[in-house]
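Accompanying notes for the structure given below.
The values are calculated or read from the model by the stated rules, or taken from the named source; none is laboratory data. This is a predicted model, so every value here is computed, not measured. Cβ: placed from backbone, ideal geometry, glycine included. Neighbour counts: every protein chain shown. These accessible areas exclude ligands, DNA and RNA; they are computed on the full protein's heavy atoms, side chains included. Shrake-Rupley method; radii C 1.70, N 1.55, O 1.52, S 1.80 Å.
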Amino acid sequence: MIVILKPNTDETSNAFKKTWDYLNKLENIRIQKHIVEGKFQRLTEIYLFGDTAALNKEMIETLPAVDRVVRVSQEYRILGRHKDSKRTTGFEYNGVHFDQDNLNIFAGLCAVDTKKHVELMMKALNENGQTCTRMGAYKPRTNPYSFQGHGKECLPYVFELAGKYSIKIIAMEVTHENHIEEIREALRQTGDPTGVMLQVGTRNTQNFELLKAIGRQNDFPVLLKRGFGITLNESLNAAEYLASEGNARVVFCLRGMKTSFSEPHRNMVDFSLVPAVKRLTRMPVCIDPSHSVGSREASPEGILDVFHASTQGVIAGANMLLVDFHPDPIHALVDGPQALLLKELPKFLESVSIAREAYEKIKNLFSPAKSVK
Ligand code: PEP
Ligand code: MN
């Protein structure tokens, strides 16, 4: 059960204290407070765990600070929608807003290789009006002898360059909980020039101890990749692990499924599930066309498959786009073959905005205002 308090409820008010004390004394019930920082208001939600079936919803709704009470199903208790369309879907981080209605683009390096490449990438992003990027410092690799990323050594210059080019958020995969502290420390040392969104890779979607560790911190929001060989339900439950530990600032990323039926693509593009994830949960949904397609192949009209997959995901309503670029893909240490070129960035952004406009137009056909006779 979720008790949603009136917007901007002050925790020092009597109304809050009375409400909290009442809920805290309920027998066989554990309560957990969660703050949702929205664009215009601050919402406090109190989660009730335990024997909630016996509770009187109407009674709780009469408590002074309570706006409404939502009964939740067993699935995705915190991140799920539970047929309450009024609940907020987003969060704000370092000046960037994430929700199920907008779109943020994270173009960047799959892996940090050289400082020069990081600078060229960030400069190009800045020149094209971009404020978010992706930069891998910790790379999980199939082959133990492959380059595993520069790790914490590269963090200071990556963060400083982000500050120099006004990049507000870097999506960065972590593969061990120690990496969170390394990132925190490097940000501190460089004077917090940027923000980081912790990425959980597809190989770690069900690494429950890592999920719990990431869920226990609230400094950084999380980008959780769908597991490439598990059901959608299993991946959504992985996201719920993060929220159950206290961090509900989660973006869910579709990145394609591993199957030989996807050939010649690297993975089976699964972006048709964007609306399904939005219906089942309140998470903003990201698409990763680079790891889905895995190459620079183009269709006969000259459009790269990565462009096709991107616009397909955007027209399906995606809220975030994670895409690999590289200034010199031939010399990239990871995933060069799927990287887009810096000179392709303007055309890429233009394609995405055309697809987004088409999505908005289609959405308007279904908006309540249009259906009034
Ligand atoms: C990545 O985004 O760099 C990555 C490794 O993706 P995935 O976990 O989806 O393979
Ligand atoms: Mn990659």
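Okay, here's what the table says:
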item: Leading residue at positive end of dipole, the chain (Cβ point charges), from PRO275, ALA54, ASN319; result: ALA54
item: Overall form of region 2-89 per C-alpha gyration tensor (a/c, 1.5; a/b vs b/c); result: oblate
item: Computed accessible area, HIS150, all protein chains, 1.4 angstrom probe, square angstrom; result: 70 Å²
item: Protein-only accessible surface order, largest first, of ILE183, ILE35 at 1.4 Å; result: ILE35, ILE183
item: Cα centroid of region 257-325 to Cα centroid of region 168-214, whole Å; result: 24 Å
item: Electrostatic dipole magnitude of the chain [Cβ: Lys, Arg +1; Asp, Glu -1; Cα centre; debye, to 20]; result: 840 debye
item: Per residue Cα convex hull volume in Å³ - calculated over the chain; result: 161 Å³
item: Accessible-area order (highest first, 1.4 angstrom probe) of the listed residues MET172, MET257; result: MET257, MET172
item: Among beta bridges that DSSP assigns inside the chain, antiparallel share in %, nearest 5; result: 45 percent
item: Accessible area of the chain divided out per residue, in Å², using a probe of 1.4 angstrom; result: 45 Å²
item: Total charge dipole magnitude, region 201-256, about the Cα centre, Cβ charges on Lys, Arg, Asp, Glu only, Debye to nearest 20; result: 200 debye
item: Exposed-site-free run, longest, the chain (rule: GluC sites (Glu not before Pro); DSSP loop; at most 11 other C-beta within 10 Å); result: 28-300
item: DSSP-defined beta bridges in region 153-290 - what % are antiparallel, rounded to 5; result: 5 percent
item: Those chymotrypsin sites (Phe, Trp or Tyr not before Pro) in region 56-160 that DSSP places in a loop and that have at most 14 other beta carbons within 10 Å; result: TYR145, PHE147
item: Stretchable slack from SER295 to GLU153, in nm (0.36 nm times residue separation minus alpha-carbon distance); result: 48.2 nm
item: Cys residues of the chain counted as unpaired, since no other Cys beta-carbon is under 4.7 Å; result: CYS110, CYS132, CYS154
item: Rounded to the nearest 10 Å², the accessible area of ILE362 at probe 1.4 Å; result: 80 Å²
item: Gaussian network model of the chain, Cα within-10 Å springs - most flexible of ALA355, ALA53, ALA248; result: ALA53
item: Calculated [θ] (222 nm, deg cm²/dmol) that DSSP helices of n ≥ 4 give over the chain, each run adding -39,500 (n - 2.57); result: -9500 deg cm²/dmol
item: Solvent-accessible area of SER353 with every protein chain in place, 1.4 Å probe, in Å² to the nearest 10; result: 60 Å²
item: Acute angle (nearest 10 degrees) that the helix 178-189 long axis makes with the longest principal axis of the chain, alpha-carbon atoms; result: 80 degrees
item: Sequence of PHE208, PHE348, PHE49, PHE40 from largest to smallest accessible area, 1.4 Å probe; result: PHE40, PHE208, PHE49, PHE348
